[in-house]
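Working notes, beginning with the structure itself.
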Protein chains: 2
Amino acid sequence: MTQAGKTRRNTAQKDAVRRALASAEGFVSAQDLHRRLDGEGSRVALATVYRQLNALADEGEADIVSTGDEQLFRTCRQPDRHHHHLICENCGNAVEVTPDDEGWFARIAADHGYTVTRHSIEIYGRCPRCQNG
Amino acid sequence: MTQAGKTRRNTAQKDAVRRALASAEGFVSAQDLHRRLDGEGSRVALATVYRQLNALADEGEADIVSTGDEQLFRTCRQPDRHHHHLICENCGNAVEVTPDDEGWFARIAADHGYTVTRHSIEIYGRCPRCQNG
DNA sequence: ATGTATATGAGAACAGATCTCACGAGGAGT
DNA sequence: ACTCCTCGTGAGATCTGTTCTCATATACAT
Ligand SMILES: [Mn+2]
Ligand SMILES: [Mn+2]
Ligand SMILES: [Zn+2]
Ligand SMILES: [Zn+2]
């Protein structure tokens with residue numbers, strides 16, 4: 001689904017996307033980010049925003065979370081640590097979290113003869129600033 | 001993203017969709033199911049397959065799992081118990097699983113001032129029958 | 001049997017994401 | 001600084017999964 005491929009050159013567009021992503025507090029969609037770039041005068045094609053966001057993700061600089069109908073992106077805070085996200089449904093703000101024990105599903109999988117290749121854990125809620133509304 | 005709405009009447013099409021879904025062992029896409037129905041001579045419009053699958057999900061008879069690029073459906077095996085799925089990436093077969101402890105994320109959320117509204121946990125791998133390939 | 005609310009079918013419409021390809025620009029080598 | 005080749009970009013087309021529209025058909029309460 002997601003187009004793959006790290007990027008090999010440093011372009012103005014890549015910098016712009018990286019900066020815009022970094023300046024967003026929470027998870028944002030590619031289209032949001034494109035709109036923000038436009039708003040601040042940075043003309044970057046939507047396709048390029050997608051390409052660079054995916055590249056950043058491939059390079060470990062960004063996290064992607066797939067809601068049912070779109071992908072959201074955010075600068076990764078702890079690139080070296082396996083983690084999941086606790087995400088505010090209202091504003092996209094997120095906290096990177098690590099379960100105390102991720103071993104349970106390896107055990108359950110083994111019980112059923114399954115081999116685990118990957119897992120996805122996402123927690124949605126309201127952040128402190130979005131409790132009302 | 002997913003169209004909502006339980007259904008109030010018992011139609012031939014709904015029965016057909018329910019049967020086809022039940023006769024599929026693993027998670028299948030709406031389009032797969034539509035193809036299968038066609039194959040066995042049941043002419044049900046694709047839109048109706050979508051409508052009824054969503055209705056079945058609303059009614060608790062079906063589970064939906066969202067891979068990044070499509071939704072997969074399966075008859076729910078234990079409608080009354082909260083659970084998640086361990087899914088074979090190759091054939092769609094799945095086991096309904098329940099973590100030993102789902103309390104950890106409520107605690108973490110509280111630590112960060114978040115209120116939890118929902119969570120999503122999915123484990124992907126290979127089922128016993130799909131180990132090779 | 002009638003009447004009315006609801007489901008269906010066929011195709012149009014939609015939205016997110018990716019692809020195409022001609023053109024522009026990074027940057028290694030000189 | 002100049003060249004050259006490779007890779008990135010822009011604009012718009014295209015793809016794909018899903019939902020919508022609305023005229024017609026059907027369930028089912030009365
Ligand atoms: Mn991260
Ligand atoms: Mn289930
Ligand atoms: Zn928030
Ligand atoms: Zn399998």
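For the reader, a short list of remarks on this structure follows.
- Accessible area of the protein assembly as shown belonging to carbon and sulfur atoms, whole % at 1.4 Å probe: 43
- Solitary cysteines of chain A, where the nearest other Cys Cβ is not under 4.7 Å: A:CYS76, A:CYS91, A:CYS130
- Using a Förster distance of 22 Å, the FRET efficiency for A:CYS91-A:THR2 (Cβ separation, nearest 0.05): 0.40
- FRET efficiency for A:ARG19 and A:THR98, using Cβ-Cβ distance with R0 set to 35 Å, rounded to 0.05: 0.80
- With Cα atoms defining each centre, region A:76-133 and region A:24-52 are spaced 25 Å apart in the structure.
- Per-residue ellipticity at 222 nm, computed for chain A from helices alone with -39500 (n - 2.57) per DSSP H run of at least four residues, works out to -10000 deg cm²/dmol.
- For A:ALA47, the distances from its label point to the matching points in the remaining copies are 3.3 nm, ordered from shortest, with each point set 7 Å beyond Cα toward Cβ.
- Simple rule: put +1 on each Lys or Arg Cβ and -1 on each Asp or Glu Cβ in chain B, find the dipole, and look at B:GLN78, B:CYS130, B:THR7; the Cα lying farthest toward the positive end is B:THR7.
- Note on the protein assembly as shown: with charges restricted to the Cβ of Lys and Arg (+1) and Asp and Glu (-1), its dipole about the Cα centre is near 820 debye.
- Cα-centre dipole for region A:69-125 with unit charges at Cβ (Lys and Arg positive, Asp and Glu negative), debye to 20: 180
- Accessible surface for B:VAL28 stands near 10 Å², nearest 10, in the context of the full protein assembly shown (1.4 Å probe).
- Shielded by partner chains, region B:1-33 residues - at least 10 Å² of accessible area, 1.4 Å probe, vs chain alone: B:MET1
- Stretchable slack from B:ASN132 to B:GLN31, in nm (0.36 nm times residue separation minus alpha-carbon distance): 33.7 nm
- Three-way shape call for the protein assembly as shown based on the alpha-carbon gyration tensor, with the a/c threshold at 1.5: prolate
- Cα gyration tensor shape for region A:44-89, rounded if a/c is under 1.5, else prolate or oblate: oblate
- Prolate/oblate/rounded label for region B:68-133 (Cα gyration tensor, a/c 1.5): prolate
- Residues in region B:12-130 average 48 Å² of solvent-accessible surface per residue, probe 1.4 Å, ligands and nucleic acids excluded.
- Within chain B: Cβ-based charge dipole about Cα centre, in debye rounded to nearest 20 (Lys, Arg +1; Asp, Glu -1): 600
- When region A:12-130 is described by a simple charge dipole with +1 on each Lys and Arg Cβ and -1 on each Asp and Glu Cβ, the residue from A:VAL49, A:GLY39, A:VAL95 located farthest towards its positive end is A:GLY39.
- Spin-label pair A:THR11/B:ALA106, simplified geometry with 7 Å Cα→Cβ offset, distance in nm: 4.9
- With 5 Å bins beginning at zero, the pair-distance distribution over Cα atoms of region B:12-130 amounts to 2, 10, 20, 19, 17, 13, 9, 5, 3, 1, 0, 0 %.
- Sequence-distant lysines (8 or more away, or on other chains) whose Cα lies within less than 19 Å of A:LYS6: A:LYS14
- Interface between chains B and A: roughly 3200 Å² of accessible area buried, both sides summed (probe 1.4 Å, protein heavy atoms only).
- Axis-nearest residue of A (beta carbon) for the A-onto-B rotation, whole Å: A:ILE121, 3
- Comparing the full protein assembly with the isolated chain (1.4 Å probe, heavy atoms, ligands and nucleic acids excluded), the residues of region A:77-91 losing at least 30 square angstrom of accessible area are A:LEU86, A:GLU89.
- Nearest-first distances (nm) between copies at B:ASP15, label 7 Å from Cα via Cβ: 6.8
- Take A:MET1, move 7 Å from Cα toward the beta carbon, and the resulting point lies 0.6 nm from the same point in each other copy, nearest first.
The values are calculated or read from the model by the stated rules, or taken from the named source; none is laboratory data. Fair warning: this is a prediction, and the values are worked out from it, not measured in the lab. All Cβ positions, glycine included, derive from the backbone under ideal geometry; neighbour counts span all protein chains shown. Ligands, DNA and RNA are excluded from the accessible area calculation, which covers all protein heavy atoms including side chains. Shrake-Rupley method; radii C 1.70, N 1.55, O 1.52, S 1.80 Å.
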